[in-house]
């Protein structure tokens, strides 16, 4: 069984046991034989199953000097999945149980619930890596042309990475045609890390990635 399949199996067992436990915990009836069986089953086997998958609940600031157990390479879309199971770059199965709405950035560190050392060994840390993915890099001969492109893309709620001399967005034929029509721009396909601008109302240093959800056929002028 591959590490990914094993991770899927463990995740399924975890969800099954959590569902059973929650279901029986909501009843006010005296515990019957079946309820007792499930309670014992959950209390004994759930920790065993869960221990096989590293669970991370905290996001720590980037620290190049931190000793990490592994790296986790994720695309921009995957970095917006705050509660999801992944496989680290070395094949280690792990589960993210972060605050809803958390958006990870390249360099972030993932940690568990514990603080400090555990039994003389440092808590396990995972470093997030912004995985290279297909993007379109937009450059312009003038700053005004680039600013105008950013304005029109922003009008369409596009996930956009900003730099002083370029824009970076996910490939989209409709948007690319619009940019070509604006003129004065150079569009270059590339495979690079994609770090979209976080929302202006972000909290805790990590915002929400707003996908291109409103279509291409309207402006907000």
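Observations on the model:
- Filter pass, residue 218 being loosely packed, with under 12 Cβ neighbours inside 10 Å and modelled with pLDDT under 95: yes
- Among the residues listed as 185, 125, the single one being more than 17 Å from residue 75 (Cα to Cα), touching a residue at least 60 places away in the same chain (Cβ under 8 Å) and in contact with a strand residue (DSSP E or B) (Cβ under 9 Å, 6 or more places away or on another chain): 125
- Where residue 143 falls short, out of the listed (1) under 19 Å from residue 186 (Cα atoms); (2) under 11 Å from the mean Cα position of the chain (by Cα): (2)
The values are calculated or read from the model by the stated rules, or taken from the named source; none is laboratory data. These figures come from a predicted structure and were not determined experimentally. When we count neighbours, we look across all protein chains shown, and the Cβ atoms used for this are built from the backbone with ideal geometry, even at glycine.
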